[in-house]
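Step one of this worksheet: look at the structure below.
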Amino acid sequence: MSEKVPKRTRVKKAAKAPPKKVAPAVRRFTAPAGAGRFEEVLGLIEAARQRAYQAVNTELIALYWRLGEYISQKIESAQWGDGVVDELAAAIAHKYPGMRGYTRSNLFRMRQFYETYRASKKVAPTVRQLPWTHHLLILGRAKHQEEREFDIRGRRVCPRAHHLSDPHR
């Protein structure tokens with residue numbers, strides 16, 4: 001009698017994942033000798049980034065100003081009550097899920113922002129040059145118009161100034 005020899009079963013080797021390709025620009029490397037020759041190009045990139053940041057900031061501040069103005073006018077004319085601002089915040093959250101910065105409290109800060117600076121001819125043009133977080137610091141700490149103007153002018157000249165974050169002020 002002949003014994004049956006089991007057939008050899010082939011075991012499939014797991015396919016190796018292709019090696020990840022890394023773009024040359026993101027590879028870690030040590031700066032080659034003479035890397036300074038790219039300073040001009042790197043400077044152009046940085047300057048463009050700064051201009052883009054400033055343009056976005058200017059548009060956001062303009063939007064916050066307009067929203068503050070709109071909310072202020074609606075509340076002053078008694079067309080809206082505080083509850084309507086809650087509804088507005090919910091409508092924005094529903095229309096733009098994941099978008100941050102349009103909570104009830106922030107919408108009221110936009111109103112405060114507008115109402116604080118609307119009558120100031122000196123500060124209004126400068127206001128658009130500062131990031132929103134700087135305005136929040138100024139509005140939260142400076143109680144008098146002169147203080148706010150001083151802080152805005154100081155921040156515009158030296159945006160990284162830390163005089164607003166000084167707890168002993």
Next item on the list: Could you please give the count of residues in the range 77-120 that are more than 17 Å from the chain's Cα centre (by Cα), part of a loop (DSSP other than H, G, I, E, B) and on the phi < 0 side of the Ramachandran plot?
Entry: 7
Note to self: Which of the numbered conditions does residue 147 fail, given that it passes all the others? Conditions: (1) surrounded by 11 or more Cβ atoms within 10 Å (Cβ to Cβ); (2) at pLDDT 75 or above; (3) not in a helix (DSSP H, G or I).
What the structure shows: (3)
Next item on the list: For the range 49-62, state whether one or more residues are closer than 13 Å to residue 114 by Cα and either at pLDDT 95 or above or assigned to a helix (DSSP H, G or I) (or both).
Entry: yes
Notebook entry, point to check: Are there any pairs with C-beta distances below 8 angstrom linking a residue in the range 85-112 that is exposed (fewer than 11 other Cβ atoms within 10 Å of the Cβ) to a residue that is aliphatic (A, V, I, L, M), with the two at least 6 apart or on different chains, and if so which?
Noted result: 99/92; 99/93
Note to self: Among the residues of the range 121-144, are any in a helix (DSSP H, G or I), more than 24 Å from residue 55 (Cα to Cα) and modelled with pLDDT of 80 or more?
What the structure shows: yes
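The values are calculated or read from the model by the stated rules, or taken from the named source; none is laboratory data. As the structure is a prediction and not an experimental result, all values here were calculated from the model. Note that we place each Cβ from the backbone using ideal geometry, even for glycine, and neighbour counts take in every protein chain shown.
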